[in-house]
Ligand SMILES: [Zn+2]
Ligand SMILES: [Zn+2]
């Protein structure tokens, strides 16, 4: 029960600094595993609250697509996380500055918190402004619904902290939403670096990609942009253009600024989303298959958490 309450607080950033720093790696809890079950509980709750309040309930096809994409996106981290961790340790061992910061002091905590969030801002911005990175991030933006399965951010201090409204704008394909609100926990980075935009009531946010992909195929949702880049690579003339394709924005083509010509297809209201109907038996089969994958995935996460701790003991 105490652990459950702690996971709940961890999910909403309601931990005291002293609860989040640890003297060595072995004592760091497996946060992703800790909150995964809670996250799923919230998704189920959201589903029933939407039905109760007569709102559009999360669609199963869209939810399956988001959760599957989430699982697929975690697969590389099962192998790569140790690289990330090694990089941290490598830098820490070589930078005497970090060693002078006491590991259990609130100042260290806040410096690290702000530093990580600033890093997140720029990494996220790069994921949108550099084609090659966009190829992996676009999956997160392909959802045409916006609910817990797409993202979870909670806060109220709209000026400083990122809010659901700010992040809705980030997920919009309306012209005023493109390349805006990259912030993670704080929205101040967007205000500082000029990428902040307020949600507009008169122009409701239409979610998804500028050119909707109209599929729930998990392989297509992951790879469609890479395929597009591959085709462009052969179409473009000259090596200069071919190379520019990788580091310029996803909307770039020869003769326009780095981030494209600034023209986007207009939104037609009411917004139509991709929503193929399945025969009931296929829907039931998919649901059971999906649950099975989810359970297997949870057990992989769990055993990995355990083996990591064991290895280091
Ligand atoms: Zn994004
Ligand atoms: Zn998001």
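Here are some residues: 122, 134. Which one is within 15 Å of ligand 1 (Cβ to nearest atom) and either surrounded by fewer than 16 Cβ atoms within 10 Å (Cβ to Cβ) or in a loop (DSSP other than H, G, I, E, B) (or both)?
On inspection, the qualifying residue turns out to be 122.
How about region 23-36: which of its residues are surrounded by 12 or more Cβ atoms within 10 Å (Cβ to Cβ), out of contact with any helix residue (DSSP H, G or I) (no Cβ under 6 Å at 6 or more places or on another chain) and touching a residue at least 40 places away in the same chain (Cβ under 8 Å)? Give the steps one after another, and end with the answer.
Initial filter on region 23-36 (surrounded by 12 or more Cβ atoms within 10 Å (Cβ to Cβ)): 25-26, 28-36.
Going one step further and asking which of them are out of contact with any helix residue (DSSP H, G or I) (no Cβ under 6 Å at 6 or more places or on another chain), we end up with 25, 28-29, 31-32, 36.
Within region 23-36, 25, 32, 36 meet the criteria.
Looking at the structure I just gave you, is residue 197 within 16 Å of ligand 1 (Cβ to nearest atom) and at pLDDT 90 or above?
So residue 197 fits the description; yes.
When you check residue 45 against the structure, is it in a helix (DSSP H, G or I), at pLDDT below 80 and exposed (fewer than 12 other Cβ atoms within 10 Å of the Cβ), yes or no?
Numbers: in a helix (DSSP H, G or I): yes; at pLDDT below 80: no; exposed (fewer than 12 other Cβ atoms within 10 Å of the Cβ): yes.
Here the answer is no, as residue 45 does not meet what is asked.
Any idea how many residues of region 144-167 are within 15 Å of ligand 1 (Cβ to nearest atom), in contact with a strand residue (DSSP E or B) (Cβ under 8 Å, 6 or more places away or on another chain) and at pLDDT 80 or above?
Final tally of qualifying residues: 1.
Find the residue count for region 197-210, including only residues that are part of a loop (DSSP other than H, G, I, E, B), within 13 Å of ligand 2 (Cβ to nearest atom) and in contact with a strand residue (DSSP E or B) (Cβ under 8 Å, 6 or more places away or on another chain).
1
Can you work out which of the residues in region 243-270 that are within 20 Å of residue 206 (Cα to Cα) and surrounded by 14 or more Cβ atoms within 10 Å (Cβ to Cβ) is nearest to the chain's Cα centre (by Cα)?
Ranking the candidates gives 250 first.
Mind checking whether some residue in region 222-229 is within 12 Å of ligand 1 (Cβ to nearest atom), without any contact (Cβ under 8 Å) to a residue 40 or more places away in the chain and surrounded by fewer than 19 Cβ atoms within 10 Å (Cβ to Cβ)? Even if it seems obvious, please write down each step before you answer.
In the first step, residues of region 222-229 are kept if they are within 12 Å of ligand 1 (Cβ to nearest atom); the result is none.
No: region 222-229 contains no residue that is within 12 Å of ligand 1 (Cβ to nearest atom), without any contact (Cβ under 8 Å) to a residue 40 or more places away in the chain and surrounded by fewer than 19 Cβ atoms within 10 Å (Cβ to Cβ).
Every residue, every condition in (1) out of contact with any strand residue (DSSP E or B) (no Cβ under 8 Å at 6 or more places or on another chain); (2) part of a helix (DSSP H, G or I); (3) within 20 Å of residue 147 (Cα to Cα), yes or no:
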| position | (1), (2), (3) |
| --- | --- |
| 195 | yes, no, no |
| 215 | yes, no, yes |
| 220 | yes, yes, no |
| 251 | yes, no, no |
| 254 | yes, no, no |
| 268 | yes, no, no |
| 272 | yes, no, yes |
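List the residue pairs whose Cβ atoms are under 7 Å apart, where the first residue sits in region 159-178 and is closer than 14 Å to residue 202 by Cβ and outside any helix (DSSP H, G or I), the second is within 11 Å of ligand 2 (Cβ to nearest atom) and at pLDDT below 95, and the two are 6 or more positions apart or on different chains.
172/207
Does region 203-215 contain any residue that is more than 12 Å from ligand 1 (Cβ to nearest atom), at positive phi and modelled with pLDDT under 90?
Yes.
The values are calculated or read from the model by the stated rules, or taken from the named source; none is laboratory data. Because the structure is predicted, anything quoted here is derived from the model rather than measured. Note: ideal-geometry Cβ built from the backbone for every residue, glycine included; neighbour counts use all protein chains shown.
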